[in-house]
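Visitor: Once you've had a glance at the structure underneath, I'll fire off some questions.
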Amino acid sequence: MTTDLTPFEIDVLEQPDALRALAHAASEVGLDELARRPWERVILTGMGSSHFAGIPTWQILAHAGTAAWAIDAGQLLDTPGLITPRSLVIATSQSGASGEIVELIDRLGDGRIPKAHLVGITSDPESPLATAADLFLPLHSGSEATVSTKSYLNSLAVHRQIIGAFTGEHRDIIREGILEVADSVERTLATTQVATLAGQALNFSHYRLATVGKRDHAATALFAGLITKESSKVAIEGHIGGQFRHGPFELAGPGLTVFIYGAYRSDTDLSIAHLADDLVATGSSVVLIGDLRVEGATTLGDRQTSPLGGLATGAVMAELFAIELAKANGVTPGAFAFGSKITTAL
């Protein structure tokens, strides 16, 4: 590892080892018992990328017939009636101390919100979330200097363990799957070069950037939009599925670059391919993350070997783009200008 890497870049490179640390850690036996209980509703919450990591879990639980909600902690504070005494609240917060999460814990504790069962997913065992939770699920992601990287991938992996508990999968299968994803992330980091694409994206007097993802990959599109703004100070917005056609499509044309995550040939839903075709026809630049090929667009990646693998690969691609966009924009990748690692203000 060279000494001229920024702390953000070092964190990005440490992600495979962080995933391995999680895979080899002792499983939380209470999770299986918790998943078997007849909850009135399951509420997945967090802020920023911590919240996005729960989107695939919500979709799988809802598809299985579970009354499940994915709502960020700020909105949950505004709609406390969603929480009932027979609710399972799964809160993800990489620090365990973000302002909305601490306020939620306080309101659950003093009765302003009904006392539900709380699962806390965080990296800090001494944090307010870890100490207040009825069940603490550690991220094992280690220290993190700036923008979320290791903690996001490990959050996805912990949510994979939660999905496994609810669907009755054997822990060993999940553990092996996480280890395979760690190897895949390592290969992606070693082989993917995106500097040229990042430079081209900013090589316009009026450049615009957007990310798009459907189903599970909505999480990646939102994550990519968030960390790119944080890391590179480049304005970019994440969109879920068809949202992009409802207004943002008017930004199309030369100077627009759209990164589409979860673009796979095996997908029987052709809306992603059609969107890419239509954007290319306007003169926009399109980057497909997956193995889908569309004439005039750039494809990066390969077929999806597993849901977690696709999410992790997409997230790493987003991080690599964020690094190169920062360099092209003349700023230090991942360095905060006005914010900080932990947002405590409400």
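Visitor: For residue 33, what accessible area in Å² do you get when you roll a 1.4 Å probe over the heavy atoms of the protein chains, rounding to the nearest 10?
Guide: 90 Å²
Visitor: In addition: What residue among 213, 109, 81 shows peak mean-square fluctuation when the chain is described by a Gaussian network model with Cα springs under 10 Å?
Guide: 81
Visitor: Hey, another quick one. How high is the FRET efficiency from residue 179 to residue 66, r the C-beta distance, R0 22 Å, rounded to 0.05? Write down the numbers at each step before the final one.
Guide: On the way: r = 28 Å, r/R0 = 1.26.
Rounded to the nearest 0.05, the efficiency is 0.20.
Visitor: How large is the accessible surface per residue of the chain, computed with a 1.4 Å probe and reported in Å² as a whole number?
Guide: Numbers: 14860 Å² over 346 residues.
That works out to 43 Å² for each residue.
Visitor: Report, to the nearest whole %, how much of the accessible area of the chain belongs to carbon and sulfur atoms, 1.4 Å probe, protein only.
Guide: Summing carbon and sulfur atoms, their accessible area is 53 percent of the total for the chain.
Visitor: Then there's this: Just reorder 160, 86, 208 by solvent-accessible area, largest first, 1.4 Å probe, all chains present.
Guide: Most to least solvent-accessible, the answer reads 86, 160, 208.
Visitor: So if each residue of separation counts as 0.36 nm, and I subtract the Cα-Cα distance between residue 337 and residue 270, what length gain in nm does that give?
Guide: 20.1 nm
Visitor: Top mean-square fluctuation among 245, 175, 293, Gaussian network model of the chain, C-alpha springs under 10 Å?
Guide: Result: 245 has the largest fluctuation of those listed.
Visitor: Rounded to the nearest 500 deg cm²/dmol, what is the calculated helix-only ellipticity per residue at 222 nm for the chain, with -39500 (n - 2.57) per DSSP H run of length n ≥ 4?
Guide: On the way: 14 runs with 154 residues, N = 346.
My calculation for the chain gives -13500 deg cm²/dmol from helical runs alone.
Visitor: Which of these, 335, 276, 235, has the largest mean-square fluctuation under a Gaussian network model of the chain (Cα springs below 10 Å)?
Guide: The residue that fluctuates most here is 235.
Visitor: Distance between the C-alpha centers of region 29-76 and region 289-305? Whole Å please.
Guide: Centre-to-centre (Cα) distance: 30 Å.
Visitor: Just name one of 71, 111, 87: the one whose Cα is farthest towards the positive end of the charge dipole of region 48-143 (beta-carbon charges, Lys/Arg +1, Asp/Glu -1).
Guide: So the residue furthest toward the plus end is 87.
Visitor: Only four residue types carry charge here, +1 at the Cβ of Lys and Arg and -1 at the Cβ of Asp and Glu. Report the dipole size of the chain about the Cα centre in Debye, rounded to the nearest 20.
Guide: Using only the charged Cβ atoms, the result is roughly 500 debye.
Visitor: Next question, about the same structure. Hey, if we sort 140, 159 by accessible area with the 1.4 Å probe, largest down, what's the order?
Guide: Per-residue accessible area, sorted high to low, gives 140, 159.
Visitor: So, one more: What figure, in Å² to the nearest 10, do you get for the accessible area of residue 172 with a 1.4 Å probe and non-protein molecules left out?
Guide: Surface open to solvent at residue 172 totals about 80 Å².
Visitor: First measure r as the distance between the Cβ atoms of residue 84 and residue 306, then evaluate 1/(1 + (r/R0)^6) with R0 = 45 Å and state the FRET efficiency to the nearest 0.05.
Guide: 0.85
Visitor: Let me ask something else about it. R0 = 51 Å: FRET efficiency of residue 167 with residue 203, Cβ-based, nearest 0.05?
Guide: Values: r = 46 Å, r/R0 = 0.91.
That pair, residue 167 with residue 203, gives E of 0.65.
Visitor: May I pose another question? Sort 217, 274, 24 by accessible area with a 1.4 Å probe, largest first.
Guide: Result, largest first: 24, 274, 217.
Visitor: I want to check a number: in the chain, how many lysine pairs have alpha carbons closer than 16 Å, given a sequence separation of 8 or more or different chains?
Guide: For the chain, qualifying lysine pairs total 5.
Visitor: Once the whole set of protein chains is in place, how much accessible area is left on residue 233, using a 1.4 Å probe, in Å² to the nearest 10?
Guide: Estimated to the nearest 10 Å², residue 233 gives 80 Å².
Visitor: Rounded, prolate or oblate: which fits region 129-196 when a ≥ b ≥ c are the square roots of the eigenvalues of the alpha-carbon gyration tensor, with rounded for a/c under 1.5 and prolate only if a/b beats b/c?
Guide: Because a/c hits 1.5 or more and a/b fails to exceed b/c, region 129-196 counts as oblate.
Visitor: Shape call for region 217-269 from the C-alpha gyration tensor, a ≥ b ≥ c root eigenvalues: rounded (a/c under 1.5), prolate (a/b greater than b/c) or oblate?
Guide: Working: a/c = 1.94, a/b = 1.25, b/c = 1.55.
Oblate.
Visitor: Given the options 147, 120, 162, identify the residue whose Cα lies farthest towards the positive end of the charge dipole of region 112-166 (+1 on Cβ of Lys, Arg; -1 on Cβ of Asp, Glu).
Guide: Toward the positive end, the furthest listed residue is 162.
The values are calculated or read from the model by the stated rules, or taken from the named source; none is laboratory data. As the structure is a prediction and not an experimental result, all values here were calculated from the model. Neighbour counts are summed over all protein chains in view; Cβ atoms, including those assigned to glycine, are modelled from backbone coordinates with ideal geometry. Accessible surface is based on the protein model in full, side chains and every heavy atom, while ligands, DNA and RNA are left aside. Shrake-Rupley method; radii C 1.70, N 1.55, O 1.52, S 1.80 Å.
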